[in-house]
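The values are calculated or read from the model by the stated rules, or taken from the named source; none is laboratory data. Keep in mind it's a predicted model, so treat the numbers as computed, not measured. Positions of Cβ are backbone-derived with ideal geometry, glycine not excepted, and every protein chain shown enters the neighbour counts. Heads up: the accessible areas ignore ligands, DNA and RNA and are worked out on the full protein's heavy atoms, side chains in. Shrake-Rupley method; radii C 1.70, N 1.55, O 1.52, S 1.80 Å.
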Amino acid sequence: MQIQPVRFERSPQLHAMMTEQPYGVGQKVVVQGKRGPEVATVRGEAAPMPADGRYGMILQAASEDDLSRWAELGREAEDLKWLLRARARTRGLPVKIVAAEYTLDASLLTVSYSAEERIELSALIQDLRGHTRARVNFAAVGPREQAMMVGALGACGRENCSSHHLQEFAPVSIRMARDQQLPLNPEKLSGPCGRLLCCLQFEHTQYIDLLQDIPRKNAKVCVEGSGACGKVVKLHPLQGTVDVYTDQGLLTEVPASELRPHKDGGSKEGQGERPRK
């Protein structure tokens, strides 16, 4: 087999990287994963791979035999997953069996699980002895990895991003929601995994740029022309406007370009630092 370097990704659907032979988006290929050979789907353009990179190399285009074997191993692994779930229930083990996956050469079976605390799983390995000759590896996964493996629908009504196109999990913070002026409602900001929505990061940089050109919330400002002064109570970054509660008790939306700082300055909150990129 001719080995061609590509970057390894956590998802079984990978980017094709720096190959002499072009692989089209959507093409099935055999890659050298961290656990062994796996069937993957090309889903992006080529990009550099570290010189010392070892995993994620495309070994060859997947043949019909490869795809047939991969599908057969997938069905066998699915049966073993349900077997383990039943045995764990019988033994009273506080563990959730999330997924089971073979490598293409069937030498390794990786069982992904989640548990609230450290748990001994050697009994489950014994339960597999009569059903597979592969080496068994149990791997603990977090809530986001579970959502990626199992799949779910997001609040948008589409498949959750981690199962569809994300290659890795980037850090997501509540500050991203604040910068985008979203209501801090845990139910609306959480994905199927119970963690902050991955999509909060998608437009965050754009919002940071927009916020540089408008006053901060709680800042004291005056409107050019009318001379009315008041406090900024809400920001509209996409429109480039803010809601100002004037000293006369009126609430009005004003373009940021028509505002100037009040001579007395603003509150301590209004004088806080700008959102960081």
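Okay, residues lined up against (1) of a type in the set (Val, Ile, Thr); (2) more than 35 Å from the chain's Cα centre (by Cα):
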residue: 221; (1), (2): yes, yes
residue: 224; (1), (2): no, yes
residue: 229; (1), (2): no, yes
residue: 233; (1), (2): yes, no
residue: 238; (1), (2): no, no
residue: 243; (1), (2): no, no
residue: 249; (1), (2): no, yes
residue: 252; (1), (2): yes, yes
residue: 259; (1), (2): no, yes
> Any idea how many residues of region 80-95 are of a type outside the set (Ser, Thr, Tyr), without any contact (Cβ under 8 Å) to a residue 24 or more places away in the chain and either part of a helix (DSSP H, G or I) or buried (at least 17 other Cβ atoms within 10 Å of the Cβ) (or both)?
Replying inline: 4
>> Exactly one condition in (1) out of contact with any Asp or Glu (no Cβ under 9 Å at 6 or more places or on another chain); (2) free of Cβ contacts under 8 Å to residues at least 24 places away in the same chain is false for residue 239; which is it?
In response: (1)
>> Restricting to region 177-210, name every residue that is open to solvent by 30 Å² or more (accessible area, probe 1.4 Å) and in a helix (DSSP H, G or I).
In response: 178, 186, 187, 188, 199, 201, 205, 206, 209, 210
> What pairs can you find where one residue is in region 116-127 and under 10 Å from residue 91 (Cβ atoms), the other is of a type in the set (Gly, Ala, Ser) and open to solvent by less than 30 Å² (accessible area, probe 1.4 Å), and their Cβ atoms are less than 8 Å apart, with a gap of 6+ or different chains?
Replying inline: 124/88
> Here are some conditions: (1) more than 19 Å from residue 163 (Cβ to Cβ); (2) at pLDDT below 95. Residue 72 meets all but one. Which one does it not meet?
Replying inline: (2)
>> Can you pull out every residue in region 211-232 that is open to solvent by 50 Å² or more (accessible area, probe 1.4 Å) and either of a type in the set (A, V, I, L, M) or not in a strand (DSSP E or B) (or both)?
In response: 212, 213, 216, 217, 224, 225, 226
>> Looking only at region 142-158, count every residue that is part of a strand (DSSP E or B) and either of a type in the set (Lys, Arg) or surrounded by 14 or more Cβ atoms within 10 Å (Cβ to Cβ) (or both) and tell me the total.
In response: 0
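Looking only at region 22-43, count every residue that is assigned to a loop (DSSP other than H, G, I, E, B) and either within 22 Å of the chain's Cα centre (by Cα) or basic (Lys, Arg) (or both) and tell me the total. Full working, then the answer.
In the first step, residues of region 22-43 are kept if they are assigned to a loop (DSSP other than H, G, I, E, B); the result is 22-27, 33-36, 43.
Subsequent filtering for residues that are either within 22 Å of the chain's Cα centre (by Cα) or basic (Lys, Arg) (or both) retains 25-26, 33-35, 43.
Going through region 22-43 one residue at a time, the tally reaches 6.
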> Can we say residue 206 is at pLDDT 90 or above and either charged (D, E, K, R) or under 30 Å from residue 143 (Cβ atoms) (or both)?
Replying inline: yes
>> When the residues of region 160-176 are narrowed to those that are in a loop (DSSP other than H, G, I, E, B) and at pLDDT below 80, which ends up most open to solvent (accessible area, probe 1.4 Å)?
In response: 168
>> Quick test for you: out of 71, 99, 106, 139, pick the one residue that is assigned to a helix (DSSP H, G or I) and open to solvent by less than 80 Å² (accessible area, probe 1.4 Å).
In response: 71
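Quick one: how many residues across region 158-204 are under 29 Å from residue 26 (Cβ atoms) and hydroxyl-bearing (Ser, Thr, Tyr)?
Count: 2.
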